Amino acid sequence: MSASPQIPQGAGSALGSSVGAPTRSQTKDGGSSNLGTFGVKSGLAQMLKGGVIMDVINADQARIAEEAGACAVMALERVPADIRAQGGVARMSDPHMIKEIVEAVTIPVMAKVRIGHFVEAQILQSIGIDYIDESEVLTPADEEHHINKHSFKVPFVCGARNLGEALRRISEGAAFIRTKGEAGTGNVVEAVRHQRAVSSEIRRVSVMGEDELYAYAKDIQAPFHLLKETARLKRLPVVNFAAGGVATPADAALMMQLGSDGVFVGSGIFLSGDPAKRARAIVQAVTHYNNPKILAEISENIGAAMVGLSIDADLKGGHMADRGW
Amino acid sequence: MQDRAVTRVVIGILALQGAFAEHQDMLQKVSGREKIDVVQVRTPEDLARCDALIIPGGESTTIALLARLSGLTEPLKEFVRTKVIWGTCAGAILLSQSVTNAKKGGQELLGGVSVRIARNGWGSQVESFEAPLQVHGLRDSNVPFTGVFIRAPVILSLQATPSEPAIQVISRVPANLVPQCIVEDGPDQAVVALRQGRHLLTTFHPELTDDNRFHEYFVRECVVPSISS
């Protein structure tokens, strides 16, 4: 048994294969390949960087998103604002609806499963979805365990409010992390809180000695080897997007300037006055996030933003960010 | 230029969407006699400073739209005609002459390399893979280069006409890795890296490895000869 710690390896380090991602070797005629390595899982997230991933509920919306420049779409039955308003148990979407969306577009298609619901994940993997979001926006299926994501070929993205939560998810096999801003509120304040928390914790650990890292790892309930790797890299070892509450091009650029690699937009597009226009403006804002002159131009005349909610104890649908352990 | 002067080159990386930071890190690790300045290109003004350009992996539909909205499409087409470009994955799609599996209604390409290409040729993400490649002309070329193929395109055919620069294939995957759903007649579908004139095209991602031999190759074989000529 190897005692070496498991550090997520980038692509090209398949020989190390220390994260235990499943591989399949083809040896016929001497050509070999490894499917579903951590390298190709985290690699797809790297290809999405600088892009916008949009929530869509049918093939028509998916086409609008693709035409507006989305780098991927998230297929789901109800956008988070509607889940919040309507209540009830929110589950994985009908595979038929997801397949229609896969047929309609050429960009990657993601879909959500409930926290801990590994059978929903098996179903999505079998229909060839490109990425799975183990999401707090759906009703959790397990209040103790997340999915063991190493045992899947399909990659996973998970939400995190702070560094400890992010590293716990990565140790379970997540190849992509996002903030857990309050979905369906059109209020970016929680996503900002999470992005700032992760960045400031990384700044702190980057100057710690090894003895301090041991103590800090225990403190934030993170695996030591992942914390050490994060301190060395001075960033999370996987791609990190903003999600939850992004409603305007300025919100998207704010998250990028705070250090996000890209942005998820949920209810903010298709519950706004002019989805196609707003989607395209947010896509441009993520590219030109450091250029206020361009941001001003693209923010003009894009119709009404979604209605926003303030995040307090009475928030209808509750605080979704508290789901996840 | 004096004989012993250090050559300065400006290499741009199209930074509209995708894995541009990874290319930048790799280029900064290339050591040679040249002094390489790396520029992230988001506007026509950025592009005007560049001797050569890398179009990174990402989503080709997104990159093409952002290029159009940023006023870069025509300057990029002009750049393709006169300067050196390397396209990886989505970048390879944008440099190709025609594309199948395009989004509904078709998608915009820059052209410049005489190949026909299929997007997502291997299928969805669960078919993404890594495979060791033999590449002609790399330093230590007996050591395989890890090819990282992520929802990668497949080159369907090479179609250079006699009046165009010849295409030089520099790497193929073993025939058994060519996706069954694609196989047409002919050997071209195994090609994963090639050169034509000033341009380099790879359907995989050298920027996602720790191995900078491909970036070194690009600088040595494509960029430096073009600026000294």
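The values are calculated or read from the model by the stated rules, or taken from the named source; none is laboratory data. Values in this document were obtained by computation on a predicted structure and should not be read as measured data. So basically every Cβ, Gly included, is an ideal-geometry build from the backbone, and we count neighbours across all protein chains shown.
A few remarks follow.
- Residue match in segment B:39-51 (condition: modelled with pLDDT of 95 or more, of a type in the set (A, V, I, L, M, F, W, C), surrounded by 24 or more Cβ atoms within 10 Å (Cβ to Cβ) and in contact with a strand residue (DSSP E or B) (Cβ under 9 Å, 6 or more places away or on another chain)): yes
- All strands (runs of 3 or more DSSP E) inside segment A:104-194 with 1 or more residues being in contact (Cβ under 8 Å) with a residue 60 or more places away in the chain and in contact with a Leu (Cβ under 9 Å, 6 or more places away or on another chain): A:131-135, A:176-178
- The lone exception for residue B:185 - which of (1) within 17 Å of the chain's Cα centre (by Cα); (2) at pLDDT below 95 it fails: (1)
- The condition (being without any contact (Cβ under 8 Å) to a residue 12 or more places away in the chain, more than 14 Å from every other protein chain (Cβ to nearest Cβ) and surrounded by fewer than 24 Cβ atoms within 10 Å (Cβ to Cβ)) is satisfied by just one residue among B:163, B:98: B:163.
- Any hit, segment B:44-62, residues being among the aliphatic types (A, V, I, L, M), more than 13 Å from chain A (Cβ to nearest Cβ), assigned to a helix (DSSP H, G or I) and farther than 21 Å from residue B:119 by Cα: yes
- Subset of segment A:128-179 [among the polar types (S, T, N, Q), over 22 Å from residue A:261 (Cβ atoms) and either touching a Pro at 6+ places or on another chain (Cβ under 7 Å) or surrounded by 24 or more Cβ atoms within 10 Å (Cβ to Cβ) (or both)]: A:151
- Of the residues making up segment A:44-78, those that are in a loop (DSSP other than H, G, I, E, B) and either surrounded by fewer than 24 Cβ atoms within 10 Å (Cβ to Cβ) or at pLDDT 95 or above (or both) number 11.
- Residue selected from segment A:122-161 under the condition within 14 Å of chain B (Cβ to nearest Cβ), of a type in the set (D, E, K, R) and in contact with a helix residue (DSSP H, G or I) (Cβ under 6 Å, 6 or more places away or on another chain), by the criterion nearest to residue A:174 (Cα to Cα): A:153
- Residue satisfying all of: in segment B:114-132; under 16 Å from the mean Cα position of the chain (by Cα) and either of a type in the set (Gly, Ala, Ser) or outside any loop (DSSP other than H, G, I, E, B) (or both); nearest to residue A:152 (Cα to Cα) among these: B:118
- Of residues in segment A:275-299 being of a type in the set (Ser, Thr, Tyr) and in contact (Cβ under 8 Å) with a residue 40 or more places away in the chain, the one farthest from residue A:261 (Cα to Cα): A:299
- Residue A:240 being within 26 Å of residue A:115 (Cβ to Cβ) and either assigned to a loop (DSSP other than H, G, I, E, B) or touching a residue at least 24 places away in the same chain (Cβ under 8 Å) (or both): yes
- Pairs linking a residue in segment A:75-95 that is under 18 Å from residue A:305 (Cα atoms) to a residue that is in a strand (DSSP E or B), with Cβ atoms under 8 Å and 6 or more positions apart or on different chains, are A:79/A:55; A:80/A:55.
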